[in-house]
Structures are given as C-alpha cells and as structure tokens.
Amino acid sequence: MSVAADQVYTVARLFRLQWEPAQNAWVLLYPEGMVQLNQSAGEIMKRLDGTRTLADVTAGCEADFATTGLLDDVLGFVAGAVEQGWVRRV
Amino acid sequence: MSERRDVGPPLWLLAELTYRCPLHCVFCYNPVDYAGQGAELSTDDWKRVLREGRALGAAQLGLSGGEPLLRDDLEAIVREARQLGYYINLLTSGVGLTETRIAALRDAGLDHIQLSFQDSTREMNDFLSSTRTFDLKNRVAQLIKQYDYPMVLNCVLHRYNIDHVQQILEMAEAMGAEYVELANTQYYSWAYLNREQLMPTREQVERAEAVTDAYREKVKARMRLFFVPPDYHGSRPKKCTNGWGQVFMTVRADGSVLPCHTAGMLPGLEFPNVREHSLAWAWYDSPGFNRFRGTAWMKEPCRSCPEQEKDLGGCRCQAWMMTGDAEAADPVCDRSPHHAQVTDMVAAAGTPAVIERPVVFRTDRTSRALIDERVAGTPTADRARLFEPALIADCGGER
C-alpha cells in the first residue's frame, strides 16, 4: 500500500501523541518507551486526526510555516510512520 | 563525587506502590529486607509525588510493586496520573484483576497492562501442567482483550523454565499476545540469594534464544518477541537504567527515592524520602543521585577505558554485590579483575552440587528471618551486602 494525498491517517492504538513542555517537543508515548519527534515530524503528526486528508495536513503545515511544496515530505514521513507502526490509515 | 554536569529531567517514574504480594517469586528483585521497611505512602502522598514528577518532566509512569492491585486506591492513583498526562503502565501478575477493577482502571485512564505470567518455580510448574493457573491467566488475558488493551506478556526465565520457551510462546500466541518479553533473571536481591540454583547454562540460553528467533520468523509482526539475555552470560555490562540518574527514577512504597530499583543496598549513600524532600531536590541535588552520575567516580579499569561512555561502568549494585566495592567495574565486564567470579558461576550452572540446594522463596517471614540473621551478624559477606545499610542501623545492627 502506498501513501497518497487523499488518504486519512490517525495515531495508532498503542501510541499517544502529546506535547511535552519539559522536552519542548511532541512525543509519542507507548508501552515502555517514548519517541521524541523533531519539529516537522511533530507538526505533521499533530494533524493526523483521523479526519483530515494528507493534502489538508500538507496545506496546514504550508500555511503555518508560510511555505509551499511540502507534500512529498509529508507523504515520505507518513510512509515511515506506517512502517514504524505509529499511525494507521482510517 | 561526580561534577555537576547538566542533568536532564527524569523522563520515567517507576512507582513501587507496595511490597505486599500474593506471589513468592524466587527471582524477585525487591529488597530482601522489604519486610522491615516503613509504612506505605498514602493516596495523597502518591498524588503529590505524581504532580512533582510530572512537573519535572516525567512522562512514562510504571505502577509496580509487589502487586500494585493490592492497593485499593490504585484507581484513584491512575486517575490522577492520567489527568496529569502520564502514559501509565500497570505491571501486574494479574492476580486480583477482576472485571470490576479493569473496567474502573480503564475508566480512570490506564494506558497499558503488562501481565507477568509465571511467578515462581512452583507457579511455573503449575502453569505448564495445571489447568487452574492457565485458566486464571487466560481469564485475565481475555479481560485485557475485552477492554481493548494491547496484550503484553512478560515472562522471567531461569534454569527451571528456560527449556520451555517453545511452550511458553505457543501459549502466548494462543492467548493472542501482541508483545512477549522473555527476560532472563538478573541477579539482584532474592534472585541473588538463589543465583546458583537459577543460573541457566550457556547452552540453555543459546537454545532458548534460537527457539525465540525461529518463532519470531514464524509469527513476524503479529507477535513481537523480545529476548533479554542474562548479564552474566555476556562480556560487557549494560548501563545502569540507561545511565545512573539520567532518565529513570524509582519511588518506593515507603517514599524513598532511588535511581534504580535496587540501589538501596549500596553502602554510604543516603537516598531522600518524599516525606521530607521534594522530587526535584532528590533528582537534581541529593548526594545519592549525584554519587554515580557521569564518569568522574570511576576507578581502573573503567577510568581509562575507551568504552566508559558506552556502559558507564555497568551496574553499581552488581559491582557492590560481587566485589564489595560499589566503585569497581561491573564484574560482568571481561576487563574486570573479578570477571572470573561470573564465568565460574556460569560454568558451574546445572552441576549437581548447585541444584541440590533449596531455593529461597520471597515471603514476609523469610524476609524477617533474613533481617534477624543480618542483625545477628551471621550471613556470609556477599549475602550481607544485599541489606540496606540504613535499615539495618535502625534495627540496631552494625553497619
């Protein structure tokens, strides 16, 4: 299955996405562990809410950071996140 | 004393809520003198500890023991923890996990349950041969599924069950486990008392790991398998809890705060108690937490070792228990002058002289008898090292 702009994703059941002020970062919490996300990963992950398409997620990131051309980055990140088991397709 | 480097926040808080336990595991790492410890913290104490830990930056919370389900305020503790934003993991034997309780825990916001599934050599025999134990674990496993928790099973291996890894994995698969951790016994506290009897041979460990690898191939991502080899069978030590005082903090039933589960046995260290100090002071300022931070405390061979940052000298408790010097290199390391103790013990594993000695079960009564023996000054030197200096002083014994 390849990741495409019209698909919708959400955080997988085992994980919780949360902003951690002490780490100044979004983190993914899971049994016995924690992944600290870098800024762009955090910005993408927090938008994977099970309703927005990846095209919408991309548009949101582009608007917030006043830039364009992020779709490939978003698709690439989500493909990696699927492989890690962090997110699932809705 | 190590220099005060920039210390990050504790990310992981382990709350050992009680040392009461319905089980009597021979490999338990709770202190051998737990029966002499002071009163358990109250619900309000725990809530304050959780608030302070969260303010420091802790995000992972382990609720352990003993058997944490023996605290009847477990649900209240979970509710507070969830409101504070912890990711909460309950480490339980499953004994006492009724549908009423799991429903209440789910409602309170518990994230995750790790079910341990053999409890002692007696229990293990029971488990492999008797329907009674299987039914109990199976019922709990079904409840865990029913309440939409991932099924995470933990099984402690030792020479009496390590040859059953195939059956253990088949049973785990039949229960619908998603994660299985096969953790070899590490030799602390009760396990240290029993280490000659529990020690598997090198061949047993290799066989069990091969069986696990083959099973992993078969089930792939459907069931994730983790095999944790025993320290004693390696030649390089592991970092203490990912680095002493780096990410991990334990608060025990009596309120004492430690950098790892077993550090209470180390001599000459005073660890703070949440009844008297804040968690922030305990973490950043207490002499106990700063004692083995960094590398400045090291002696040879660690001091000049190129791998010193990789393992930070290994486990301080292992060094203390085996050498009587908490600053020594972890004897698991083949550069330690004491390494032969470890290899000799592994080589002797399974020989008749070792097997014929009875194992010591973790019970309140045995714990009290061990304390009496310690106060009377009769245990062997390496056994004596398992006792908490402060506790023995309180009991009127010599240090």
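The values are calculated or read from the model by the stated rules, or taken from the named source; none is laboratory data. This is a predicted model, so every value here is computed, not measured. Using ideal geometry, Cβ is built from the backbone for each residue, glycine included, and neighbour counts are taken over all protein chains shown. These accessible areas exclude ligands, DNA and RNA; they are computed on the full protein's heavy atoms, side chains included. Shrake-Rupley method; radii C 1.70, N 1.55, O 1.52, S 1.80 Å.
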| chain B - charge dipole about Cα centre, Lys and Arg +1 at Cβ, Asp and Glu -1, debye rounded to 20 | 420 debye
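For the range B:203-353, compute Rg over Rh where Rg is the Cα radius of gyration and Rh is the Kirkwood radius from the inverse mean 1/r over Cα pairs.
Here the Rg-to-Rh quotient is 1.05.
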| request: Order the following by accessible area, largest value first: B:TRP12, B:TRP46. Probe radius 1.4 Å; ligands, DNA and RNA are ignored. | output: B:TRP12, B:TRP46
| query | Given a 1.4 Å probe and the protein chains all in place, what does the accessible area of B:HIS158 round to, in Å² to the nearest 10? | reply | 0 Å²
| message | Which one, A:GLY85, A:ILE44, A:VAL3, is farthest towards the positive end of the dipole of chain A when Lys and Arg carry +1 and Asp and Glu -1 on their Cβ? | response | A:GLY85
| query | So how exposed is B:GLU170, as accessible area in Å² (1.4 Å probe, rounded to 10)? | reply | 90 Å²
| request: Springs between alpha-carbon atoms under 10 Å, Gaussian network over chain B: tell me which of B:LEU312, B:LEU17, B:LEU143 tops the mean-square fluctuations. | output: B:LEU143
| Partner lysines for B:LYS299 [C-alpha distance under 22 Å; skip if fewer than 8 residues away on the same chain] | B:LYS238, B:LYS239, B:LYS310
| said: Suppose every Lys and Arg Cβ carries +1 and every Asp and Glu Cβ carries -1, with no other charges. What dipole size does the range A:8-89 come out with about its Cα centre, to the nearest 20 debye? | reply: 340 debye
| Max mean-square fluctuation residue, GNM over chain B, Cα-Cα springs under 10 Å, options B:GLU196, B:GLU300, B:GLU327 | B:GLU300
| request: Leaving ligands, DNA and RNA out of it, report the carbon-plus-sulfur percent of the accessible area of the range A:8-89 at a 1.4 Å probe. | output: 49 percent
| task | Would you compute, from DSSP H runs of 4+ residues alone, the mean residue ellipticity of chain B at 222 nm, taking -39500 (n - 2.57) per run and dividing by the full residue count, rounded to the nearest 500? | result | -10500 deg cm²/dmol
| said: Along the Cα→Cβ direction, 7 angstrom out, place labels at A:ARG88 and B:THR295. What is the inter-label distance in nm? | reply: 4.5 nm
| said: Residues of the range A:25-65 with backbone nitrogen within less than 12 Å of a virtual label 7 Å along the Cα-to-Cβ line of B:ASP148, please, listed as ranges. | reply: none
| task | Provide the solvent-accessible area of B:TYR160, counting protein heavy atoms only and rolling a 1.4 Å probe, rounded to the nearest 10 Å². | result | 80 Å²
| said: If the elastic network links every pair of Cα atoms under 10 Å, which of B:CYS25, B:CYS305, B:CYS260 fluctuates the most in the Gaussian network model of chain B? | reply: B:CYS305
| Shape metrics for the protein assembly as shown, restricted to C-alpha atoms - Rg then Dmax, Å | 23.5, 77
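Tell me the volume per residue, in Å³, of the convex hull enclosing the alpha carbons of chain B. All intermediate terms of the calculation are to be shown ahead of the outcome.
Details: hull volume 55.9 nm³, N = 399.
Convex hull of Cα atoms, per residue: 140 Å³.
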| note | Projected onto their principal axes, the Cα atoms of the range B:184-238 stretch, largest extent first, over whole-Å spans of 37, 22, 20
| task | Give the relative contact order (percent, whole number) for chain B; include only Cα pairs under 8 Å separated by 6+ residues. | result | 21 percent
| said: Along its three principal axes, how long is the range A:8-89 when you only count alpha carbons? Whole Å, largest extent first please. | reply: 37, 28, 19
| Within 10 Å of each Cβ of B:144-154, how many other protein chain Cβ atoms are there on average? | 1
| query | How large is the helix-only mean residue ellipticity at 222 nm for chain A, computed as the sum of -39500 (n - 2.57) over DSSP H runs with n ≥ 4, divided by its residue count, in deg cm²/dmol to the nearest 500? | reply | -10500 deg cm²/dmol
